[in-house]
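The values are calculated or read from the model by the stated rules, or taken from the named source; none is laboratory data. As the structure is a computational prediction, the values presented were derived from the model and not from experiment. For neighbour counting, all protein chains shown are included, and Cβ atoms are generated from backbone atoms with ideal geometry for every residue, glycine included.
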C-alpha cells in the first residue's frame, strides 16, 4: 500500500522544482528563433502562410525606429526575441527569488545570497523538510513552484495564443500591438517603445513591455 507521501505538498513541490531545474535552462535556448531545438521537444505547429512577410515588415519597422532613436547602427540587426519566452524568464526569475526569500523569512533564516535560478531552486529544495512542518508555507511553495513550472512548460511549448491588433501603439506609433487572450491583455511588442513617464520600466528594463488590459484597450 502506498504511504501517500507523494500527496504531501512538499513532495509535490519537490517534483515541480525538479521540472523547473530541467526546463528553465531550455528557455535561454528558445529565446532567439533559429537556435537548435532540443530533440525531445515536440515540433512547433506550422506557421501561417503570411508569417514571413509580417515578420519582415515588423523587423524593418523596428530597425527604422531604432535607427531613428540611435539605438542601433545602420545595417545591423539582431535576431528578434520571442516575447513570451522573455516574459517567462523574467517571471520565473522573479518568482524564484521571491519564493526563496519568503521561505527563509518564514523559517527565521537570514536573507539568501545572490545566486542563479537553478541554485536558488536547489536551496529551496534543501529546506523542504523544514517547510513541511508549516502547512501554510508548504502549500504556498507547492502552488508557486507548480505555477512557475507550468509557465515554463507553456513557454517552451509555444502554446500561448497571440493575435495581431489593428492600429498603432500610442507611444511608439508602431504597428506592434498584440493581444494575448490568455492574459486578457494587449502588449506593444516593439522593444524600442518608450513612453514619456520617467518612472516607467521601459526606460531601464529591456524586457519591459507596455501593457493594457484587454477591456481597457477595447474602450480606448
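Scanning the range 169-220 for residues that are within 20 Å of residue 88 (Cβ to Cβ), surrounded by fewer than 19 Cβ atoms within 10 Å (Cβ to Cβ) and at pLDDT 85 or above yields a single hit, 178. Looking across the range 74-110, just one residue is modelled with pLDDT under 75, more than 20 Å from residue 172 (Cβ to Cβ) and within 24 Å of the chain's Cα centre (by Cα), and that is 79. In the set (1) modelled with pLDDT under 55; (2) loosely packed, with under 15 Cβ neighbours inside 10 Å; (3) in contact with a helix residue (DSSP H, G or I) (Cβ under 9 Å, 6 or more places away or on another chain), residue 39 fails one condition alone, (3). The residue that is nearest to the chain's Cα centre (by Cα), counting only those in the range 111-129 that are assigned to a helix (DSSP H, G or I) and surrounded by 16 or more Cβ atoms within 10 Å (Cβ to Cβ), is 117. For residue 71, the conditions (1) in the same structural domain as residue 190 (by TED's automatic domain parsing); (2) modelled with pLDDT of 50 or more are fulfilled apart from (2).
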